[in-house]
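Following: one structure in structure tokens, then a few remarks.
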Amino acid sequence: DGGITQSPKYLFRKEGQNVTLSCEQNLNHDAMYWYRQDPGQGLRLIYYSQIVNDFQKGDIAEGYSVSREKKESFPLTVTSAQKNPTAFYLCASSISSGMVTGELFFGEGSRLTVL
Amino acid sequence: AQRVTQPEKLLSVFKGAPVELKCNYSYSGSPELFWYVQYSRQRLQLLLRHISRESIKGFTADLNKGETSFHLKKPFAQEEDSAMYYCALSRGSRLTFGEGTQLTVNP
């Protein structure tokens, strides 16, 4: 079954703790993305990666970190420096790594709640 | 700065009525624009892209460069069209989304 798999679906964290969200794809896509979805604010880009071992900051990268050691994997770490981490996180991928003229394929999302 | 604005957070229509979801953008280059849709309990997915000039599920969207708009239209709304709709602008290797419009089609 091809697609994007995000885990965990729900995650609770205490303040001051780092947490890592997993994103795996078996679509053989070059580009991968992390977005944060908040009510009334739409989707905001956190980080994106066009190729293995390379990634760029998006619009709201502060307090987050990523790695792209394998083509199929793009984990996101929400660090304790992120001031408002409670949110719904979406991972996506696309075939092309240049201009985004094609379709983004999204995962089901991970909901992080900081207690 | 490149931005996408969807002025209506909520839109409610009756079944069979026409529906128009508004999207305005600001971009200095030639825009590549998309509409994405998220049905309840489903993944966010592409609905249509302006470059294809296609009609999907009865929806169409025309790029108006003069008004910098890319409104999504459907002449006769159906209950199954109820969903969250996002307009998106391609900026090189990244996609910028608007705030989203929650469409409810009432019976």
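FYI, it's all coordinate maths here, none of it is from the lab. What you are looking at is a predicted structure, and each value in this text was computed from that prediction instead of being measured. Here the Cβ positions follow ideal geometry from the backbone for every residue, glycine too, while neighbour counts run over all protein chains shown.
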### Student exercise, the range A:24-74 dipole from Lys, Arg, Asp, Glu Cβ charges, in Debye to nearest 20
20
### Task
Starting from the Cα of A:LYS83, draw a straight line to each of the lysines and keep only those under 16 Å, dropping any in the same chain fewer than 8 residues away.
A:LYS14
### Query
Taking +1 at the Cβ of each Lys and Arg and -1 at the Cβ of each Asp and Glu, which of A:GLN82, A:ASN28, A:LEU43 sits farthest along the dipole of chain A towards its positive end, judged by Cα position relative to the Cα centre?
A:GLN82
### Charged-residue dipole, Cβ positions (Lys, Arg, Asp, Glu), the range A:5-95 about Cα centre, Debye nearest 20
220
## Note on the structure
In terms of the alpha carbon gyration tensor, root eigenvalues a ≥ b ≥ c, rounded if a/c is under 1.5 and otherwise prolate when a/b exceeds b/c or oblate, the range A:29-107 is oblate
#### Entry: Distance between the range B:62-101 and the range A:57-78 - C-alpha centres, whole angstrom
27
### Message
With 10 angstrom as the radius, rank A:ILE46, A:ILE51, A:ILE4 by how many other C-beta atoms surround their C-beta, starting from the fewest.
### Response
A:ILE51, A:ILE4, A:ILE46
### Query
Among B:68-75, A:27-34, how do they line up from the highest to the lowest mean number of other beta-carbon atoms within 10 Å?
A:27-34, B:68-75
## Note on the structure
Going fewest to most other Cβ atoms within 10 Å around each Cβ, A:TYR10, A:TYR64 line up as A:TYR10, A:TYR64
### Query
Within the set B:LYS22/B:LYS74; B:LYS15/B:LYS74; A:LYS57/B:LYS9; B:LYS22/B:LYS65, which residue pairs have Cα atoms separated by over 21 Å?
A:LYS57/B:LYS9
### Query
Counting DSSP beta bridges in chain B, what percent are antiparallel, to the nearest 5?
85
